[in-house]
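The numbers here are math on the coordinates, done by the rules we state, and not lab data. Nothing here was measured: the structure is a model prediction, and the numbers come from that model. Virtual Cβ from ideal backbone geometry, glycine too; neighbours counted across all protein chains shown.
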Amino acid sequence: MKTVSAYANFGDGTIEFGINEDRTIQGLKDPIKFAKDITNTIIDKVKPIPDFEISIHEKDRTVQLLVHKGRQRPYLYDQKAYRRRKASTVEVEDLTLQDLILQGRNMTFDQLPADHAQLTFHALEQEVIEKLGVERLDFNLLISLGLADKRGCNRAAELLADQNHYPGINIIVFGENTNTIRKRQTMDHVSILMQYNQALDNMK
């Protein structure tokens, strides 16, 4: 079932029963019953139920299970998600699991709701007034820019906010060679616009 989870999460895959690792055919005692048991086990143990097909080859008494990559990721077996790594099936890391959850919701990190509700956008407002010719930055414009919806701001907006909780960048200006540092500056928890503009200023 771990391998079923892996294929459903990351890509179509086939599992063959009744065939040895050296590809010799051993066959199953009762392939029809085996196929029914596998079907019931997948339905009972893998959540949500993945898209799969079972083929019974009565001539050599083998069973082939084709698992399709699903859209409702993550597919969990015993509350854990799995992936294939070379010839093995392993549990996914926490970060990968979060990515699967986002994929299942058809979302990316920047579309998630912001962690903080009280955000200011003075740096962004200055940019949109200059570039878009608007008088001010209001909530409706944030929605138009894809930075918010009726529920509030998303994490893309949070990255552009004047203050946030995200790590930033280290700016280093070298001298004549990499052994000489003329300037070093760390910018954390501020708008990525401010970080970008500061980096450009340091290049002048």
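Structure data summary
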{"read-out": "Dipole axis of the chain (+1 Lys, Arg; -1 Asp, Glu on Cβ), positive-most option in Asn40, Leu142, His122", "value": "Asn40"}
{"read-out": "Overall Cα dimensions of segment 10-54, principal axis frame, Å, largest first", "value": "34, 26, 14"}
{"read-out": "Listed residue (Met1, Ala81, Thr62) projecting farthest to the positive dipole end of the chain, Cβ model", "value": "Thr62"}
{"read-out": "For the chain, built as a Gaussian network whose Cα springs stay under 10 Å, the top-fluctuating residue of Ile56, Ile181, Ile192", "value": "Ile181"}
{"read-out": "Sites Gln98 and Lys59 - FRET efficiency at Förster radius 45 Å, r taken between beta-carbons, to 0.05", "value": "0.50"}
{"read-out": "Relative contact order (%) - criterion: Cα under 8 Å, at least six apart; region: the chain", "value": "16"}
{"read-out": "Residues of segment 68-109 with amide N under 17 Å of a point placed 7 Å along Cα→Cβ from Lys47", "value": "72-82, 101"}
{"read-out": "In the chain, lysine pairs closer than 23 Å at Cα, eight or more apart or cross-chain", "value": "23"}
{"read-out": "Contact order normalised by residue count of segment 2-104, Cα under 8 Å, 6+ apart, percent", "value": "36"}
{"read-out": "Cα-based shape type of segment 40-96, given that a ≥ b ≥ c are square roots of the gyration tensor eigenvalues and the cut on a/c is 1.5", "value": "prolate"}
{"read-out": "Charge dipole (debye, nearest 20) of the chain; +1 at Cβ of Lys and Arg, -1 at Cβ of Asp and Glu", "value": "560"}
{"read-out": "Additional length obtainable on full extension of the chain from Val90 to Ala199, 0.36 nm per residue less Cα span", "value": "35.1 nm"}
{"read-out": "Extension gain (nm, one decimal) between Tyr166 and Thr120, 0.36 nm per residue minus Cα-Cα", "value": "15.1 nm"}
{"read-out": "The chain: radius of gyration and largest Cα-Cα distance (Dmax), Å", "value": "26.3, 77"}
{"read-out": "Length added when fully stretched, Glu127-Ser144, from 0.36 nm per residue minus Cα-Cα", "value": "4.6 nm"}
{"read-out": "J(HN,Hα) series, segment 162-175, from Karplus relation 6.51 cos²θ - 1.76 cosθ + 1.60, nearest Hz, glycine and proline x", "value": "4, 10, 8, 9, 8, x, x, 10, 10, 9, 10, 10, 8, x"}
{"read-out": "For segment 84-204: relative contact order, % (alpha-carbon pairs under 8 angstrom, 6 or more apart)", "value": "21"}
{"read-out": "Cβ-placed point charges (K, R +1; D, E -1), dipole of segment 1-70 about Cα centre in debye, nearest 20", "value": "180"}
